[in-house]
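The structure appears right after this line, and notes come after that.
The values are calculated or read from the model by the stated rules, or taken from the named source; none is laboratory data. All figures in this text were calculated on a predicted structure; none of them were measured in a lab. Here the Cβ positions follow ideal geometry from the backbone for every residue, glycine too, while neighbour counts run over all protein chains shown. Heavy atoms of the whole protein, side chains included, go into the accessibility calculation; ligands, DNA and RNA do not. Shrake-Rupley method; radii C 1.70, N 1.55, O 1.52, S 1.80 Å.
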Amino acid sequence: MKQEIEVNQLEKENKKMDQPINVKSESSKTEFTWKLIMAALVGALGSSFLYGFNLSVVNAPSSYIRKLYNESWSLRYNQEMSSSLISIMWSVTVSIFAIGGLVGALLVTPMVNTLGRKKTLLINNLFALVAALLMSLANLAGAPEMIIIGRFIMGVDGGIALSTLPMYLNEISPKRIRGSLGQITAILICVGVFTGQVLGLPEIFGLESRWPFLFGAILVPAVIQVAILPFFPESPRYLLLEKQDTKKAEKAFRTFLGKKDVSQDIEDVLAETRIQRNIHLVSVIELLKMRSVRWQIITAVVTMASYQLCGLNAIWFYTNNIFKEAGIQPTTIPYITLSTGAVEIVAAVVSGMTIEKLGRRVLLIGGFGLMTLFFSILTVSLALQDRAPWVPYISIICILGVIASFCIGPGGIPFVLVGEFFQQSQRPAAFMIAGSVNWICNFAVGLLFPLIQDGLGNYCFLVFATICLAGAIYLFFVLPETKNKTFNEIDQAFAKINKISPSVKELEKYPPEEKTVEQLEQNDLHSPYNDQNNLQMEHLEQA
């Protein structure tokens with residue numbers, strides 16, 4: 001009888017021990033600590049905020065910058081610059097931001113692997129500081145080349161930031177709030193765009209005598225991040241799996257999670273990634289050759305391409321014209337345009353609040369689907385805008401609808417998904433691929449959109465409607481839901497479509513020169529699961 005009781009007790013203990021990853025369910029609210037939120041906000045302030053700010057900051061002083069080009073040319077060559085050459089110089093000024101972004105995306109992998117996530121974010125501020133000084137002093141120096149160089153350097157900053165920040169947020173957040181915390185990237189981009197619009201008003205820095213201060217404002221968020229972020233720890237996953245520093249990883253978990261006992265969190269990371277601490281970091285070429293992540297890569301590329309090619313930049317181009325058609329006075333249009341920035345922020349916040357309830361699939365597919373609908377209606381309203389005085393107001397509603405639809409889903413979720421699709425050793429290379437696609441498509445839109453607009457006129461939005469529809473259809477059939485799932489569970493969700501067995505997947509993760517099959521088997525014998533099982537068997541035999 002005594003032996004039966006002991007066996008029953010051991011069986012109950014075994015059931016608990018058989019579930020190393022399934023910790024006690026906690027409310028999402030309890031997982032948001034002030035240090036976690038502050039680290040995310042400070043990280044985003046010097047990263048995604050600056051990216052958004054630099055998207056909109058050049059609009060207000062565009063006429064003054066063009067004037068600077070002409071004046072400097074006249075002083076140097078004793079003749080005025082032709083209007084076509086001024087247009088070319090302005091196009092270079094705008095588009096070179098994307099070229100710098102591509103360079104920054106290519107620098108991400110060696111930087112985050114060598115320096116870590118936090119140090120990369122901190123060092124990246126050097127690019128912002130140099131760019132701010134160049135652009136803000138260009139008018140005083142009479143050298144417009146400084147603006148072009150500054151925009152390129154600012155692009156490098158954006159390319160590094162938009163890959164490193166999502167990586168950092170993804171690795172410091174618990175899985176139940178990973179999506180919500182990741183949406184801070186999108187929210188701060190929208191806040192940055194809105195801030196650029198506000199500071200560009202004539203009452204602030206939108207005058208000819210003040211426009212250099214618009215670029216000098218870049219220094220503020222960069223300095224704030226440099227001053228505050230060092231007080232927050234590095235990514236605990238990076239410390240544990242790549243630096244193999246368990247003590248620092250435990251300290252980081254305690255800081256972000258706000259609790260003393262983080263042994264279960266350490267255990268979960270090791271269980272999810274198995275023996276990732278012993279695997280070499282995967283290069284871009286190695287990642288592209290892996291069959292086990294083939295569809296993850298394709299999905300990340302399609303999502304990032306759709307993110308840039310969906311036509312939001314075209315909306316910004318048309319906004320002022322549509323407002324004029326609606327009868328709004330040109331002097332009040334800059335103030336009305338602020339409504340678009342406000343809609344962006346509200347939609348991004350709504351997305352952050354609902355992403356853990358609705359999931360990534362619903363918001364992303366729904367966002368692209370709604371953009372398709374609004375683009376279609378916008379095309380019709382633009383074609384019929386002369387038929388009735390109220391038709392232009394439908395166009396305004398469609399513009400706001402496209403912006404809101406974008407920010408609810410496509411605006412931030414692609415960055416979250418790239419971090420969730422790949423294991424620790426694959427993540428830097430994956431972000432380099434996704435970031436490169438992002439900036440190449442960004443540059444392509446800036447280069448090709450004027451040609452599309454000249455060729456199709458108001459019907460150019462049908463091109464973007466088609467892209468949004470194609471992206472929604474692809475994601476509907478391929479994208480699994482990643483909400484509240486571990487990285488291994490997401491990996492397994494793609495295993496069926498990749499048509500690859502777990503054994504082949506393991507061999508891909510551990511190349512022969514790094515890990516032999518015998519070493520893997522030996523490591524598996526000493527894994528936490530097997531150690532627990534062996535201990536359980538010994539207890540049962542003794543009983």
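A few comments on the model shown:
- For region 297-419, the orientation-averaged shadow of the C-alpha convex hull comes to 7.8 nm² (one quarter of the hull surface).
- Note on region 436-495: Cα Rg divided by 2.2 N^0.38 Å, N the number of residues, gives 1.62.
- Over the Cα atoms of region 350-421, the radius of gyration divided by the Kirkwood radius equals 1.13; this is the Rg/Rh ratio.
- Each residue of region 317-383 gets 89 Å³ once the volume of the Cα convex hull is shared out per residue.
- Solvent-accessible ranking of 34, 73, largest area first, probe 1.4 Å: 34, 73
- For residue 38, the accessible area of its heavy atoms, probed at 1.4 Å with every protein chain present, is near 70 square angstrom.
- Note that region 116-233 presents 31 Å² accessible area per residue, ligands and nucleic acids not counted, probe 1.4 Å.
- Surface analysis of region 301-410 yields an accessible area of 41 Å² per residue, using protein heavy atoms and a 1.4 Å probe.
- Overall dimensions of region 378-462, expressed as equivalent-ellipsoid semi-axes from the Cα gyration tensor (√(5λ), whole Å, largest first), are 36, 17, 6.
- Built from the Cα atoms of region 336-493, the convex hull projects on average onto 10.6 nm², one quarter of its surface area.
- Here the accessible area of region 357-484 is 75 percent carbon and sulfur, with a 1.4 angstrom probe and all protein chains present.
- With 10 Å bins from 0: P(r) over region 112-238, alpha-carbon pairs, percent: 12, 37, 32, 15, 4, 0
- Put simply, region 48-200 fits an ellipsoid with semi-axes of 34, 16, 11 Å; these come from the alpha carbon gyration tensor as the roots of five times its eigenvalues, largest first.
- Region 220-263: trypsin sites (Lys or Arg not before Pro) in DSSP coil with no more than 10 other Cβ atoms inside 10 Å: 260
- Long-range tail of P(r) for region 189-290 (Cα pairs > 17 Å, %): 69
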